Amino acid sequence: MELGKGWWAPPAKRHEKVWPPADWGSLAKLPTDPEKLILAVRMPDGPPKTQPKSVAEIKSEEWPAIHFALAGLLYRTPVMPEGLRPAAFEALAMIPGITATPGVKDAKGRAGIAVSYKDDSQEWTWGTVFIFAKDTHEFLGFKSTRTSDSGGGKTYDQLSSLDSYAVVDKVKQRP
């Protein structure tokens, strides 16, 4: 929810997939070994012949999508099966171009560890960092550097924070 407005997506249709998986059964099927998790999120539906057998076989142009998949898993899925969250963090740390910066604050002023990504092969930096709590690794919020369209090219930091989350039994049910 953002400013009291809910963002709802209809359930996936037959043969459609959503990332990260929204149901416990699909999350439970993800590997808790970091290298296997990277391989699983790389191209989960690709032809078996094209699937790499190790992280060393992954091509440089594939890492941005893997980063996006793992980061999405970590910030969009606050409750995971045992072992999956640590595996996702370890897998994220294995991605070339990932950096962790302590002491970055979210919109509420909570200091955490900012995880950012830079693709050296394309001289491209993702302008958003994900901020996680140092001790619990819970997602706290985002910090993005933006450029004003109307402000003569001035840059500013846009901050967000996650206030709370809850597990409910039905879609749109309030805790």
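The values are calculated or read from the model by the stated rules, or taken from the named source; none is laboratory data. This structure is a prediction, so every number in the text was calculated from the model and none was measured. Ideal geometry is used to build each Cβ from the backbone, glycine not excepted, and the neighbour counts take in all protein chains shown. Surface areas here come from the heavy atoms of the whole protein model, side chains and all, with no ligands, DNA or RNA. Shrake-Rupley method; radii C 1.70, N 1.55, O 1.52, S 1.80 Å.
When you go through S116, S26 one by one, which is the residue that is of a type in the set (G, A, S) and farther than 23 Å from S160 by Cα?
Only one candidate passes the filter, namely S26.
Just checking, how many residues over the stretch 136-175 are within 22 Å of P102 (Cβ to Cβ) and touching an Asp or Glu at 6+ places or on another chain (Cβ under 9 Å)?
Of the residues in the stretch 136-175, 10 are within 22 Å of P102 (Cβ to Cβ) and touching an Asp or Glu at 6+ places or on another chain (Cβ under 9 Å).
For the list (1) at pLDDT below 85; (2) within 21 Å of F139 (Cα to Cα); (3) open to solvent by less than 40 Å² (accessible area, probe 1.4 Å), I need the number of the one condition that G46 fails.
Every condition holds for G46 apart from (2).
I'd like the residue in the stretch 126-160 that is charged (D, E, K, R) and closer than 22 Å to F89 by Cβ and, out of all such residues, is nearest to the chain's Cα centre (by Cα).
In this case the residue turns out to be E138.
Any idea which of (1) open to solvent by 50 Å² or more (accessible area, probe 1.4 Å); (2) out of contact with any Lys or Arg (no Cβ under 7 Å at 6 or more places or on another chain); (3) in contact (Cβ under 8 Å) with a residue 24 or more places away in the chain is the one L159 doesn't satisfy?
(2)
Residues in the stretch 130-152: is at least one of a type in the set (V, I, T) and open to solvent by less than 50 Å² (accessible area, probe 1.4 Å)?
Within the stretch 130-152, one or more residues are of a type in the set (V, I, T) and open to solvent by less than 50 Å² (accessible area, probe 1.4 Å).
Is it the case that K118 is charged (D, E, K, R), closer than 18 Å to L70 by Cβ and either open to solvent by 60 Å² or more (accessible area, probe 1.4 Å) or in a strand (DSSP E or B) (or both)?
Yes: the conditions hold for K118.
Just name the residue that is modelled with the lowest pLDDT out of those in the stretch 52-92 that are more than 25 Å from D23 (Cα to Cα) and open to solvent by 40 Å² or more (accessible area, probe 1.4 Å).
Filtering first and then ranking leaves K53.
Output the residue which, of all residues in the stretch 101-115 that are surrounded by 16 or more Cβ atoms within 10 Å (Cβ to Cβ) and either in contact (Cβ under 8 Å) with a residue 24 or more places away in the chain or out of contact with any Pro (no Cβ under 6 Å at 6 or more places or on another chain) (or both), is nearest to L30 (Cα to Cα).
Of everything passing the filter in the stretch 101-115, V115 is nearest to L30 (Cα to Cα).
Here's the yes/no breakdown for (1) under 15 Å from E35 (Cα atoms); (2) assigned to a helix (DSSP H, G or I):
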site: P52; (1), (2): yes, no
site: E61; (1), (2): no, yes
site: L70; (1), (2): yes, yes
site: M80; (1), (2): no, no
site: L92; (1), (2): yes, yes
site: P96; (1), (2): yes, no
site: V104; (1), (2): no, no
